[in-house]
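There's a structure below that I have some questions on.
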Amino acid sequence: MNRPILPLEDIRVLDLTHFVNGPYATMLLGHMGAEVIKVESPKWGDGMRPGYRRSAEQPIGLAFALMNSNKRSITLNLKSDEGRDIFKRMVQNADVVVENYEAGTMERMGLGYEILHEVNPRIIYANSTGYGQTGPNRNLPAFDPIVQAMTGVMAVTGRPEDPPLKAGAIMADVLGATHLCAGILGAIRQRDRTGEGLIIEISMQEAVLPSMVSHISAYYGMGLRQLREGNRGSGGVVTPANAYPASDGWVVILAADNHRWRKLCLIMERPELGEDSRYAKLSGRSRHRDDIDAIIG
């Protein structure tokens, strides 16, 4: 059987990113067939390189290996004239440049979009920052937990009686990376139409905010201000939505609408609850969350 042709096999990506947010986006491009060349500082390298090692003898940690699989690698000092000249020559034969430095860093090195566009008018320049290229927060640091705090994720994670809690997974980095990858794919399609490169700007904050849609909608649509609800449904609107004790551990139950609520009542052999005026509609179940949790649990 012939190997299938991957969709990005004719695309070359220069990857200036570090840690998780950028490297995951470029890893996805590589898995779609793109040739990804990771460019690192000879002095510092990617800060993820030494992390998650069993011992100092290991050259790189597993997290770095996972986020940078299927990539070539080169070191360049972009703060030197020679390094910048080499990079510009690489840009002449590239399709995409991706970076996740703080806003303005590439411009200060003389490698911003306007300069690289002159070198190669077809270049797609993609950057990911914490809070965008403009605005009062443009220069703030943007590691995953900080973005979770800034977007309100921590305010709605955990139990009501406990302090705000970050999500266990690195959701802000990965969501930002997914948006970055999607933006690059859209830019490639646009270039197919116009023949011209363009700039793509993604902020991690913007990428995370859609995950708060239930809480935002509950507040502006229903006047419900929901903060930490433990395992209950986001925004406190959908009920039941929780983790309940079972004979062999725990079970997560979510009845997202009235139809599924009635089916759940049949499974529990409590069909009368499905027609009970207090619980029959979503709004009523939301008001009686404690009662429903007690019935199920």
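Would you pick out the residues in segment 220-235 that are within 24 Å of the chain's Cα centre (by Cα) and of a type outside the set (D, E, K, R)?
Correct list: Q226, L227, G230, N231, G233, S234, G235.
Regarding E229, is this residue of a type outside the set (A, V, I, L, M) and loosely packed, with under 13 Cβ neighbours inside 10 Å?
When the stated conditions are applied, E229 does not pass them.
What is the one condition in (1) in contact (Cβ under 8 Å) with a residue 60 or more places away in the chain; (2) assigned to a helix (DSSP H, G or I) that I202 does not satisfy?
Condition (2) is where I202 drops out.
Quick check: is even one residue across segment 68-75 in the same structural domain as P145 (by TED's automatic domain parsing), among the polar types (S, T, N, Q), touching an Asp or Glu at 6+ places or on another chain (Cβ under 8 Å) and part of a loop (DSSP other than H, G, I, E, B)?
yes
I would also like to ask the following. Could you list, ordered by first residue, the pairs with Cβ atoms under 9 Å in which the first is in segment 270-295 and surrounded by fewer than 13 Cβ atoms within 10 Å (Cβ to Cβ) and the second is small (G, A, S), at least 6 apart or interchain?
Going by the 9 Å Cβ cut-off, the qualifying pairs are S277/G284; R278/G284.
Take the residues in segment 202-217 that are out of contact with any Phe, Trp or Tyr (no Cβ under 7 Å at 6 or more places or on another chain) and crowded, with 20+ Cβ neighbours inside 10 Å, then tell me which one is farthest from V156 (Cα to Cα).
Filtering first and then ranking leaves I202.
Then there is this: Could you tell me whether R49 is modelled with pLDDT under 95, exposed (fewer than 15 other Cβ atoms within 10 Å of the Cβ), assigned by TED's automatic domain parsing to the domain that holds G130 and assigned to a loop (DSSP other than H, G, I, E, B)?
Considered against the rule, which asks whether it is modelled with pLDDT under 95, exposed (fewer than 15 other Cβ atoms within 10 Å of the Cβ), assigned by TED's automatic domain parsing to the domain that holds G130 and assigned to a loop (DSSP other than H, G, I, E, B), R49 comes out as no.
Restricting attention to segment 61-69, does a residue exist that is loosely packed, with under 15 Cβ neighbours inside 10 Å and touching a residue at least 40 places away in the same chain (Cβ under 8 Å)?
Within segment 61-69, one or more residues are loosely packed, with under 15 Cβ neighbours inside 10 Å and touching a residue at least 40 places away in the same chain (Cβ under 8 Å).
The values are calculated or read from the model by the stated rules, or taken from the named source; none is laboratory data. As the structure is a prediction and not an experimental result, all values here were calculated from the model. Using ideal geometry, Cβ is built from the backbone for each residue, glycine included, and neighbour counts are taken over all protein chains shown.
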